[in-house]
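S.K.: Structure incoming, see below.
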Amino acid sequence: MERIVLIEGQFYSEPIPLLAQRLGLDRYSLVESLYGVDDYLNHRLSVSGTLRLDRQHFSFSRIAGIFRVNDCLEIEVVPKFLTGSEAWRADFLLLLTRTRWGVTTGQQMVGVAASREHGISDTLAMVFLAMFDEVCHVPVRSYQRRVIHSFQVMGDLDEESIVMPELDGFSQGITEFSRCNEFNSVISHAAQVLMTATIDFSLRARLQRVISFLGPQRGLTSYRPKRVPSRFANWTEIYDLSTDILDGYGIDYLNQGGLQSPGFVVRTSDAWEEYIRQALVLGMKGCVVSFQEKHRFAKRDHSFVQVRPDYVVRADDGRAVLVDAKYKYSDAKAKTISNADIYEGWAFMKATGIPRLLLLYPYADGDMEEKFELFQSVADEENEIFGIRVNPQIRKSSGPTVFADELAYYISSFMLPCDVR
């Protein structure tokens, strides 16, 4: 199988007929496969128009990751703000780790980012195993009923079996505190999927030990519990990760009865928004960070119109600032704040009583030398909006924890004393 690399929103350089010929496909079959994966991505990620066809070329936008198109082709879409980073996969996996699995352990993710020599499947296996090692000392167990046959009485005897025992003993039901349950089944099957995609032999051996530790499990059912029981809450992260692996990260991992490598696909706008949130929570020490908090903006007849800024940052000393994540690469490149964002920002400031708003745009082109760059401000007598370009290439910051500290230090200088509503 061949993998091609696209920059988000940019056409692939090789014409479709030549690519189809190189893959041994008919050009119309290739186009049909592209439309098929586009429909599936639109459905799974609730986006529209990810695929763009222009005569002989195609591109994908609004998403980033790695996904399978057909038996011959995989596509890797690089986020625009990570262009030029030769180790972008590790950066992107850290972004996924933040947005999809809720991991906040900086040390774990720095270790993942440092492993440049590993492919993305191996890196995912490392994250999976790190999560498992943290919780495996308290395994998920539940009471299960099963039928055994023995002449030694160990459980509830079947009356008919007492009179007519079978060759291997009386039929009796016993209750066991077992690792065989629907939660371990999901984790075990996810480990099996990872084994098919992982190249590193030592990682495959460790995944096999995970499967052995969990023990024999039943097959997966169409219904899977959304969360683990509260008494096993420390297994939540690895269970959620395992569920994502089995769901294929936006692409089914089942293909004509055979397993395929899991894909990694997210909406880039959501990933950017969630990543900024996690960085603020991690870096803004001594502050309360509220996410999409509702505030009354105006009254419509007998009801209220409410607005929800992305983040409200409040310090213990009474200072505060509004922060909004904007995934508008063209605006960042042109160094301009759109009128729509200005109107929206004014509504946020009026509703919250906080007179300062920071708009954070991802940007990583060569004309940006610093990690943060203020490119435009809009103000009147009371309120101010600042447009800021942010270079989120995590590896250059020696890890997400350092990036969070740098972002917090930069934002702190914009905070103002105010009467927060």
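S.K.: Out of (1) surrounded by 22 or more Cβ atoms within 10 Å (Cβ to Cβ); (2) of a type in the set (Ser, Thr, Tyr); (3) at pLDDT 85 or above, what's the single condition that is false for Thr268?
M.R.: Answer for Thr268: the failing condition is (3).
S.K.: Considering each residue of the stretch 370-405, count those that are surrounded by 15 or more Cβ atoms within 10 Å (Cβ to Cβ) and at pLDDT 90 or above, and give that number.
M.R.: Looking only at that region, the number is 13.
S.K.: I've got another one for you. Looking at the stretch 275-292, which of the residues that are closer than 24 Å to Leu45 by Cα and surrounded by fewer than 19 Cβ atoms within 10 Å (Cβ to Cβ) is modelled with the lowest pLDDT?
M.R.: Per the stated criteria, the residue is Gln292.
S.K.: Among the residues of the stretch 193-203, which ones are touching a residue at least 40 places away in the same chain (Cβ under 8 Å), surrounded by fewer than 20 Cβ atoms within 10 Å (Cβ to Cβ) and assigned to a helix (DSSP H, G or I)?
M.R.: Within the stretch 193-203, Thr196, Ala197 meet the criteria.
S.K.: Out of the residues in the stretch 183-203 that are among the β-branched types (Val, Ile, Thr) and at pLDDT 90 or above, state the one that is nearest to Val135 (Cα to Cα).
M.R.: Out of the qualifying residues, it is Ile187.
S.K.: Pull out all pairs, ordered by first then second residue, where Cβ-Cβ is under 6 Å, the residues are six or more apart or on different chains, the first lies in the stretch 147-165 and is within 23 Å of Ser178 (Cα to Cα) and part of a loop (DSSP other than H, G, I, E, B), and the second is modelled with pLDDT of 70 or more and aliphatic (A, V, I, L, M).
M.R.: Cβ pairs passing all conditions: Met154/Ile174; Gly155/Ile174.
S.K.: Still on this structure, please answer the following. For the condition exposed (fewer than 13 other Cβ atoms within 10 Å of the Cβ) and either at pLDDT 85 or above or of a type outside the set (Gly, Ala, Ser) (or both), what is the one hit in Glu14, Glu76, Glu8, Glu86?
M.R.: Within the list Glu14, Glu76, Glu8, Glu86, the selection yields Glu86.
S.K.: Right, something else. Give me the pairs: first residue in the stretch 223-247 and touching a residue at least 12 places away in the same chain (Cβ under 8 Å), second residue hydroxyl-bearing (Ser, Thr, Tyr) and part of a helix (DSSP H, G or I), beta-carbon distance under 7 Å, and six or more apart or on different chains, which are they?
M.R.: Within 7 Å, the pairs are Arg224/Thr243; Arg227/Thr236; Val228/Thr236; Val228/Tyr239.
S.K.: Taking only the stretch 123-138 into account, find how many residues are modelled with pLDDT under 85 and charged (D, E, K, R).
M.R.: Count: 0.
S.K.: Counting only residues that are assigned to a helix (DSSP H, G or I) and in contact (Cβ under 8 Å) with a residue 24 or more places away in the chain, how many does the stretch 1-18 have?
M.R.: Number satisfying all stated conditions: 2.
S.K.: From Asp341, Asp316, grab the single residue that is without any contact (Cβ under 8 Å) to a residue 60 or more places away in the chain, assigned by TED's automatic domain parsing to the domain that holds Tyr275 and crowded, with 19+ Cβ neighbours inside 10 Å.
M.R.: Going through Asp341, Asp316 in turn, just one is without any contact (Cβ under 8 Å) to a residue 60 or more places away in the chain, assigned by TED's automatic domain parsing to the domain that holds Tyr275 and crowded, with 19+ Cβ neighbours inside 10 Å: Asp341.
S.K.: Quick one: in the stretch 17-52, of everything that is among the hydroxyl-bearing types (Ser, Thr, Tyr) and surrounded by 18 or more Cβ atoms within 10 Å (Cβ to Cβ), which residue is nearest to Val77 (Cα to Cα)?
M.R.: By that ranking, first place goes to Thr50.
S.K.: Going by the structure shown, is Tyr327 surrounded by fewer than 22 Cβ atoms within 10 Å (Cβ to Cβ), closer than 18 Å to Lys80 by Cα and among the hydroxyl-bearing types (Ser, Thr, Tyr)?
M.R.: For Tyr327, the condition - surrounded by fewer than 22 Cβ atoms within 10 Å (Cβ to Cβ), closer than 18 Å to Lys80 by Cα and among the hydroxyl-bearing types (Ser, Thr, Tyr) - is met.
S.K.: Being in contact with a Gly (Cβ under 7 Å, 6 or more places away or on another chain) and over 17 Å from Gln144 (Cα atoms) is the requirement here; does Ile199 meet it?
M.R.: The answer is yes for Ile199.
S.K.: Related question: Taking the stretch 301-324 on its own, how many of its residues are farther than 16 Å from Lys350 by Cα, at pLDDT below 90 and part of a strand (DSSP E or B)?
M.R.: Of the residues in that region, 1 qualify.
S.K.: Tell me, which residue of the stretch 342-370 that is among the charged types (D, E, K, R) and under 21 Å from Val313 (Cα atoms) is farthest from the chain's Cα centre (by Cα)?
M.R.: Step by step, filter the stretch 342-370, then rank; the result is Lys350.
S.K.: Restricting the stretch 35-80 to residues that are of a type in the set (Gly, Ala, Ser) and part of a loop (DSSP other than H, G, I, E, B), which is farthest from the chain's Cα centre (by Cα)?
M.R.: Among those that are of a type in the set (Gly, Ala, Ser) and part of a loop (DSSP other than H, G, I, E, B), it is Gly49.
S.K.: For the structure I just gave you, tell me whether Thr243 is under 22 Å from the mean Cα position of the chain (by Cα) and not aromatic (Phe, Trp, Tyr).
M.R.: yes
The values are calculated or read from the model by the stated rules, or taken from the named source; none is laboratory data. Given the structure is predicted, the values throughout are model-derived calculations rather than measurements. Please note: Cβ atoms are built from the backbone with ideal geometry, for glycine as well, and neighbour counts cover all protein chains shown.
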